[in-house]
Amino acid sequence: MSEHRISMTVNGQQHRGLVDGRLMLSDWLREAAGYTGVHVGCEQGVCGACTVIVDGRAVRSCLMLAVQADGCSLTTVEGLAAADGTLHPVQQALKDNHGLQCGFCTPGIVMTLAALRADGARPDEAAMTEAMSGHLCRCTGYQGIRRAIRQLAAEDGTP
Amino acid sequence: MKPAPFDYIRATSIDHACALLAEAGGGAQLLAGGQTLMPLLALRMSQPFILIDIGHLPELQGIAPHGGGLRIGAATRQADALVNPLLAQALPVFVTALAHVGHHQTRNRGTIGGSIALGEPAAEMPATAVALGASMTLRSTRGARTIAADDLYLGPYATAIAPDELLVAIDYPAWPADAVPLFREVARRPGDFALVGLVGALAIADGRIERAGIAWFGMGPTPIRARQAEQALVGQAIDRIDVQAIADLAIADSAPFDDGHASAAYRRSVGRRIFANGLMQALDRRLAA
Ligand SMILES: Cc1cc2nc3c(=O)[nH]c(=O)nc-3n(C[C@@H](O)[C@H](O)[C@H](O)COP(=O)(O)OP(=O)(O)OC[C@H]3O[C@@H](n4cnc5c(N)ncnc54)[C@H](O)[C@@H]3O)c2cc1C
Ligand code: FES
Ligand code: FES
């Protein structure tokens, strides 16, 4: 069993650690680094709740080893809102449209949409909806999420 | 921690990975995108002693012209291939098939070679490789060899890749830019594995089919080439094709089974219909053009 020294940036903060080779990134983020906004549902790649942004891409953190994120730059849901509490546009759109109920799936959905809109990219409704196939939500029936996506597309002028 | 203990090693080159594989004598697993292997580790259905990470190796990345066709590095991320302009131009049906592999988030890490090496019978990439006539370059400390996609798949998740071999690249031969793409998939939800699917291309010149490459996925223990249908199509004038008869031939080559998702009879019935409709629409589009 191997042990590894890792270092990565999470939400702009430098983190270091010593991890077992088999430790999942999701578990490291929650238990070692304290980012409990990373929700783990299925822990086998199916539900999308654990989605975080690694080097600009939305990925399932339960399907990555912590050691694989060595040297990477990560964003979790804790890193999206402004310091004064102003929500990220994706968070605001979900809030405005009842896009969440229990909130278990929500951080993952937020991270996927935020990654798609990073660096000024403005995906259209179809692209955002397509990316939602990677998320399961047991509460909302998805219609609030779809409304939030439509609101985002309308705000962006990309119907 | 969910997986059983293992040593994680980040390979520094193809040679390094091959040396580690040889040394491990079957106790090692290659890790590419991890989108299949990680769940298997978490469920302890896979318990390697050594995990050799190759997903980041630059030597295994990229899409480039090669021998008239295109060569795709095995660890090229699915998301990168999906937006690659060379692929979109040369093999549009490959891109269509790839868009059905999992989800946006899994394609951000999953690799083309990982899907091909896994050999899931319902997966899109293995059948696409068979249909388009791809060949695979394999490396080990014993040397390099090339194997045709037709000879790669032996059974569900069983391939001709030896335990000490690494898939380096996949070569897709050239197809005419105006080849007619064929793609149909029936799945419960977008991103799910297919219950039934078919993929292929038809090269047409002077109103006749010159070359046909068609394969089933989810229709047997491996991807299956619809060989009889291909043979019957080649040489035919595209306004004279008996689509229903060709669909019967295509089904004759399939070998679907019952599982928890669908019965063999359902797969045959749906497969026959999507084959006939897919072929008819593809031909109609060409006739209208
Ligand atoms: C929710 C979900 C839905 C999915 N849906 C689909 C789907 O609809 N269709 C589909 O096809 N797939 C689907 N997949 C699987 C797909 O995402 C994987 O990317 C793919 O099957 C494996 O690629 P990988 O790079 O992730 O390989 P890994 O998981 O890293 O490896 C898979 C296997 O291949 C071996 N391997 C990898 N690379 C090489 C190589 N270069 N040489 C030799 N052996 C190698 C590994 O040792 C391992 O045994 C889905 C996965 C998830 C989590
Ligand atoms: S917890 Fe990672 S996909 Fe479900
Ligand atoms: S809001 Fe409860 S699972 Fe989506």
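Points worth noting:
- The strands (runs of 3 or more DSSP E) located wholly in region A:33-133 that include 2 or more residues which are within 16 Å of ligand 1 (Cβ to nearest atom) occupy A:51-54, A:57-60.
- Counted residues, region A:129-145 - those being surrounded by fewer than 21 Cβ atoms within 10 Å (Cβ to Cβ) and either under 14 Å from A:LEU116 (Cα atoms) or within 14 Å of chain B (Cβ to nearest Cβ) (or both): 5
- Near pairs, Cβ below 8 angstrom, 6+ apart or cross-chain, from region A:117-140 (under 23 Å from A:GLU43 (Cα atoms)) to any residue that is more than 16 Å from ligand 2 (Cβ to nearest atom) and of a type in the set (Gly, Ala, Ser): A:THR140/A:GLY99
- Extreme residue, farthest from the other protein chains (Cβ to nearest Cβ), among residues of region A:46-67 that are crowded, with 24+ Cβ neighbours inside 10 Å and of a type outside the set (A, V, I, L, M, F, W, C): A:SER61
To keep it simple, each residue is scored yes or no on (1) within 18 Å of the chain's Cα centre (by Cα); (2) in a loop (DSSP other than H, G, I, E, B); (3) of a type in the set (Ser, Thr, Tyr); (4) away from every other protein chain (no Cβ under 12 Å).
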position: B:PRO3; (1), (2), (3), (4): no, yes, no, no
position: B:GLY33; (1), (2), (3), (4): yes, yes, no, no
position: B:LEU40; (1), (2), (3), (4): no, no, no, no
position: B:MET45; (1), (2), (3), (4): no, yes, no, no
position: B:PRO48; (1), (2), (3), (4): no, yes, no, no
position: B:ILE52; (1), (2), (3), (4): no, no, no, no
position: B:GLU59; (1), (2), (3), (4): no, no, no, yes
position: B:ILE72; (1), (2), (3), (4): yes, no, no, yes
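- Take the conditions (1) away from ligand 2 (no atom under 16 Å from the Cβ); (2) among the hydroxyl-bearing types (Ser, Thr, Tyr); (3) touching a helix residue (DSSP H, G or I) at 6+ places or on another chain (Cβ under 8 Å); A:THR51 misses just one of them, which is (1).
- The set of residues in region B:31-48 that are in contact with a helix residue (DSSP H, G or I) (Cβ under 7 Å, 6 or more places away or on another chain) and surrounded by fewer than 20 Cβ atoms within 10 Å (Cβ to Cβ) contains only B:SER46.
- Against the conditions (1) within 17 Å of A:MET64 (Cβ to Cβ); (2) small (Gly, Ala, Ser); (3) surrounded by fewer than 20 Cβ atoms within 10 Å (Cβ to Cβ), B:ALA24 satisfies every one except (1).
- Meets criteria (within 12 Å of ligand 1 (Cβ to nearest atom), modelled with pLDDT of 95 or more, of a type in the set (A, V, I, L, M) and part of a strand (DSSP E or B)) for B:LEU21: no
The values are calculated or read from the model by the stated rules, or taken from the named source; none is laboratory data. Source: prediction; values computed, not measured. As a convention, Cβ positions derive from the backbone with ideal geometry for all residues, glycine included, and neighbour counts pool all protein chains shown.
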